[in-house]
Amino acid sequence: MNPTMIQFFHWYSEGNGKLWKEAEQQARYLAKLGITSVWFPPAYKGTNGGYSTGYDAYDLYDLGEFDQKGTIPTKYGHKNDYLKAIKALKKQNIEIIVDIVLGHKAGGDELEKFKVVKVDEDNREKVISDVIEIESYTKFTFPGRGKKYSDFEWNFTCFSGVDYAEGMESHIYKIQSEYGDDWEEMIHDEKGNYDFLMYNDIEHRNPFVREELNHWAKWYFDQTDFDGVRLDALKHISFDFYKEWLTLLRSNSGKNIFAVGEYWAPGYLHLLQKYIEVTEGCMSLFDSSLQNNFHNASKEGSSYDLRRIFDETLTQVDPMHAVSLVANHDTQPLQDLEAPVESWFKPLAYALILLRKDGYPCVFYPDLYGAHYVDQDWGGHDQEIFMPKVDGIEELLKARKDHAYGEQQDYFEDANCLGWIRKGDDQHIGCAVVLSNKDAYNKPMEIGKHYAGKKCKDVLKRFKEKVIIDENGWGNFPVPAGNVSVWVPES
């Protein structure tokens, strides 16, 4: 079966401990659609307790088991609910991809005194103060958990920088450390050095930290038997760390753990390629460049040349390491990386990632289920946001599961209308796909002589009429204006 991932959450996912139970209930439905892996949000306790999305990681060992940060369950549920959801999905042969946040920690339990220098926020290599002493919450003792699972206590030597100093202005403070006065090495000079992102930045050069994070990875695997990892915020973490961490995880688990990393650099394909090179291909990356192309194409409408849709994308140049997507939690409205794809273009974008041979596609929860949420801005004003379910998404997923196989023949000669054929294989009938960002079209394409005389139906139900394949294997496949059609020969 074609591999297909779903991100089973979004930034504004409903709390109240419901997500794990929902995933358990949806397992059969997801399998029916052809979903082969589920990417779950960070499952551990964050500093905001039951309201935390998990990216403000506090205790990696608390999967909704201990009374910490004002709650026992996480935003998504209790540990037992999490394990039950995993079991239900695995019963449907759906793999589990867990979200890994190892760049920073938040919500320390005790203040500590230590020496720092202030750095310029726009150029973190530039020191703008003498050495000063501050107090910050860098001691983590996890009083609600005690020493269960691990007796490791984090202190200021485990971090390279902080953004909080008791009684002082919020700023980026570089800790004066025995592990070096510089930040860890990054592959790009954005902001001078973008090692520091937020909260307490983890010092991966500390051997005790590395040992603890390796120990935790094996513990997490033993608890959940996950199949893959999504690695958060790679731009802010030493590439050497994850090379070692993944090698040890795969060795200690005895499993070829799949890994996909978030190195978000839309329009900078060379950085994605460089990261894959320096990490020796040990992980895939989300294709942020392709997502950006979708965003631009949806904004520009018929003036966008669809023949350029895969230009400068990882899916085009290195499909074996590309996880393709139309949207994720970071591209949602009101987020720092906001880059929404307009609703009219989403069926086209999903056809481009689901029905072609290159890339490992990832579907976004709101695009399958729809979402409605209210967010409050800094002024306390409610902002109501609707994310409608993508028109035809279930049919597109089923078409991937049942028909997107075999040789691919492209018909990309028109700037406003793309088409391609998947010819099928011994087990699967193929399909013909046409999409337009302008007018209605009829696209002549050769689906194969073995389909001569067959009638093709549009599985998206845009057309009631059927296309008849001529004796040479050609058909004239229509598509509505600004839409997509998927044609399948009747068996």
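The values are calculated or read from the model by the stated rules, or taken from the named source; none is laboratory data. For clarity, every value in this text was computed on a predicted model and none was experimentally measured. With ideal geometry, Cβ positions are generated from the backbone for all residues, glycine too; neighbour counts draw on all protein chains shown. Note: areas computed on protein heavy atoms with side chains; ligands, DNA, RNA excluded. Shrake-Rupley method; radii C 1.70, N 1.55, O 1.52, S 1.80 Å.
Condition check: basic (Lys, Arg), closer than 27 Å to residue 88 by Cα and not in a helix (DSSP H, G or I). Does residue 230 satisfy that?
Yes.
Any residue at all in the range 407-415 that is touching a strand residue (DSSP E or B) at 6+ places or on another chain (Cβ under 8 Å) and surrounded by 19 or more Cβ atoms within 10 Å (Cβ to Cβ)?
Taking every residue of the range 407-415 in turn, none turns out to be touching a strand residue (DSSP E or B) at 6+ places or on another chain (Cβ under 8 Å) and surrounded by 19 or more Cβ atoms within 10 Å (Cβ to Cβ).
In the list 150, 129, which residue meets the criterion of being part of a loop (DSSP other than H, G, I, E, B), in contact (Cβ under 8 Å) with a residue 12 or more places away in the chain and more than 33 Å from the chain's Cα centre (by Cα)?
129
I'd like to verify a number: residues in the range 213-222 that are of a type outside the set (A, V, I, L, M) and buried (at least 18 other Cβ atoms within 10 Å of the Cβ), how many?
3
Just one of 79, 90 is within 22 Å of the chain's Cα centre (by Cα) and either of a type outside the set (Gly, Ala, Ser) or closer than 20 Å to residue 228 by Cα (or both); which is it?
90
Does residue 402 fit the bill of being in a loop (DSSP other than H, G, I, E, B) and open to solvent by 50 Å² or more (accessible area, probe 1.4 Å)?
Taking the combined requirement at face value, the residue does not satisfy it.
Of the residues that sit in the range 432-468 and are in contact with a helix residue (DSSP H, G or I) (Cβ under 6 Å, 6 or more places away or on another chain) and assigned to a strand (DSSP E or B), which one is surrounded by the fewest Cβ atoms within 10 Å (Cβ to Cβ)?
435
If residue 250 passes every condition in (1) in contact with an Asp or Glu (Cβ under 9 Å, 6 or more places away or on another chain); (2) open to solvent by 50 Å² or more (accessible area, probe 1.4 Å); (3) among the basic types (Lys, Arg) but one, which one does it miss?
Only one criterion is unmet by residue 250, namely (1).
Go through (1) open to solvent by less than 50 Å² (accessible area, probe 1.4 Å); (2) at pLDDT 95 or above one by one and return the number of the condition residue 264 breaks.
(2)
What are the residues in the range 147-162 that are of a type in the set (Asp, Glu) and in contact with a Ser or Thr (Cβ under 6 Å, 6 or more places away or on another chain), if any?
153
Is it the case, given these coordinates, that residue 197 is in contact (Cβ under 8 Å) with a residue 12 or more places away in the chain, part of a loop (DSSP other than H, G, I, E, B) and either closer than 27 Å to residue 42 by Cβ or acidic (Asp, Glu) (or both)?
yes
Can residue 150 be described as buried (at least 19 other Cβ atoms within 10 Å of the Cβ) and not hydrophobic (A, V, I, L, M, F, W, C)?
No; evaluated as a whole, the condition is false for this residue.
Only residues that are closer than 22 Å to residue 400 by Cβ and in contact (Cβ under 8 Å) with a residue 60 or more places away in the chain: list them for the range 437-481, please.
437, 459, 460, 461, 479
For the range 318-333, indicate whether the set of residues that are under 17 Å from residue 268 (Cβ atoms), charged (D, E, K, R) and modelled with pLDDT of 95 or more is non-empty.
There is at least one residue in the range 318-333 that is under 17 Å from residue 268 (Cβ atoms), charged (D, E, K, R) and modelled with pLDDT of 95 or more.
Which residue is surrounded by the fewest Cβ atoms within 10 Å (Cβ to Cβ), if the candidates are limited to the range 169-193 and must be modelled with pLDDT of 95 or more and of a type in the set (A, V, I, L, M)?
Applying the filter and picking the extreme gives 172.
Looking at 471, 490 in this structure, which one is open to solvent by 50 Å² or more (accessible area, probe 1.4 Å), farther than 24 Å from residue 311 by Cβ and modelled with pLDDT under 95?
490
Checking the condition under 31 Å from the mean Cα position of the chain (by Cα), open to solvent by less than 10 Å² (accessible area, probe 1.4 Å) and not charged (D, E, K, R), which residue from 196, 156 passes?
Answer to the check: 196.
Is there a residue being among the charged types (D, E, K, R) and modelled with pLDDT of 95 or more anywhere in the range 39-47?
Yes, some residue in the range 39-47 is among the charged types (D, E, K, R) and modelled with pLDDT of 95 or more.
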